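The next block holds one structure in the form of structure tokens; read it before the comments.
The values are calculated or read from the model by the stated rules, or taken from the named source; none is laboratory data. This is a predicted model, so every value here is computed, not measured. Counting neighbours? That spans all protein chains shown, and the Cβs are built from the backbone with ideal geometry, glycine included.
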Amino acid sequence: MDFFNDCRNISDDITIAMKPLIGTRKGGKVVGMGADGTPTTYIDKVAEDIILAYLHEIEANVIVISEEAGIVEITPGAEDIIYLDPIDGTFNALSNIPIYALSVAYASKGTVIHGFVSNLATGEIFTAHKGRGATKDGKSMNTSNITNLHEASCAVYTSQKEEEIKEMAPFFSSIRRTRHFGASALELAYVAAGRLDAYIDIRETLRITDAAAGLLLCTEAGGIVSSPDGNVLSFPDTIQSGASIIASNDYLHDKIIGVIAQNGEEK
């Protein structure tokens with residue numbers, strides 16, 4: 001498998017197939033329940049079917065773990081894994097908001113070594129190869145050089161639970177602005193590209209299929225990723241559960257953790 005070339009081909013195929021479904025009721029029709037426990041819409045199913053058919057056609061020696069279909073053995077007995085989110089930001093696509101992405105990560109021997117995120121609305125492509133850096137449309141990219149929280153722009157996700165909102169209140173007041181785009185893979189890519197200074201998600205719902213590619217983008221672009229308490233990030237074995245994460249440039253990471261931890265101690 002030529003990972004990056006194949007991902008570009010898949011992205012092109014999905015973009016064409018999705019075009020008549022963007023912003024339509026047909027695209028949003030629920031056609032089943034995904035392996036992640038959330039409803040699968042018609043547009044999700046179309047995108048995933050294209051990807052799986054492509055991988056079968058090239059006889060990729062992989063197992064796919066996807067939000068909709070779950071575990072799919074493209075080649076029985078394969079050891080390498082593809083973590084797949086066919087459309088990250090489905091709601092945006094169905095609302096004709098041009099922020100939705102294909103996210104693909106390739107893991108070998110338990111380590112993600114390739115990451116690919118493409119904005120299916122704009123065609124912008126973000127890639128990472130472990131140990132070789134990250135790129136945007138083929139050009140090297142790096143996280144931002146913002147050093148002070150009061151200058152930082154951060155994507156922040158909490159649940160609607162009152163206690164979580166209160167827990168994050170000191171953080172909200174310590175940064176310059178928050179952004180919330182509804183497409184985690186792209187937001188992580190934006191951290192890698194220096195467009196956002198950090199991505200914080202404390203809902204414990206971010207799945208490895210959403211995040212694997214974007215997290216590699218961040219680390220290869222010079223950023224740091226961890227759990228909110230600063231420990232090594234790990235995901236549950238099932239895609240029905242998720243994790244909480246912090247991804248940021250290296251200047252802000254400890255500061256973000258400190259603000260969140262301080263409020264936790266005061267509770």
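Thr24 - would you say it is more than 27 Å from Glu59 (Cα to Cα), at pLDDT below 95 and either of a type in the set (Ser, Thr, Tyr) or touching a Ser or Thr at 6+ places or on another chain (Cβ under 7 Å) (or both)? Quick ask: steps written out before the conclusion?
On the way: more than 27 Å from Glu59 (Cα to Cα): yes; at pLDDT below 95: no; either of a type in the set (Ser, Thr, Tyr) or touching a Ser or Thr at 6+ places or on another chain (Cβ under 7 Å) (or both): yes.
So Thr24 does not fit the description; no.
Consider Glu59 carefully, then state whether it is without any contact (Cβ under 8 Å) to a residue 60 or more places away in the chain, surrounded by fewer than 21 Cβ atoms within 10 Å (Cβ to Cβ) and under 27 Å from Met1 (Cα atoms). Answer is yes for this residue. Residues that are in a helix (DSSP H, G or I), among the aliphatic types (A, V, I, L, M) and in contact (Cβ under 8 Å) with a residue 12 or more places away in the chain do not occur anywhere in segment 197-207. Contact map, segment 155-167: first residue in the same structural domain as Asp229 (by TED's automatic domain parsing), second residue surrounded by 12 or more Cβ atoms within 10 Å (Cβ to Cβ) and assigned to a helix (DSSP H, G or I), Cβ cut-off under 6 Å, separation 6 or more or different chains; pairs are Ala155/Glu187; Thr158/Glu164; Thr158/Ile165; Thr158/Met168; Glu167/Asn263. Within segment 157-177, the set of residues being of a type in the set (Asp, Glu) and within 23 Å of the chain's Cα centre (by Cα) comprises Glu164 only. Take Ala247 and tell me if it is in contact with a Phe, Trp or Tyr (Cβ under 6 Å, 6 or more places away or on another chain), crowded, with 23+ Cβ neighbours inside 10 Å and either basic (Lys, Arg) or closer than 19 Å to Val191 by Cα (or both). Yes, satisfied. Count, please, the residues in segment 76-131 that happen to be small (Gly, Ala, Ser) and crowded, with 20+ Cβ neighbours inside 10 Å. Result for segment 76-131: 10.
Looking at segment 113-155 only, could you name the residues that are in a strand (DSSP E or B) and more than 19 Å from Leu216 (Cα to Cα)?
Applying the first criterion (in a strand (DSSP E or B)) to segment 113-155 yields 113-119, 125-129, 133-136, 139-140, 153-155.
Selection gives Ser153 alone.
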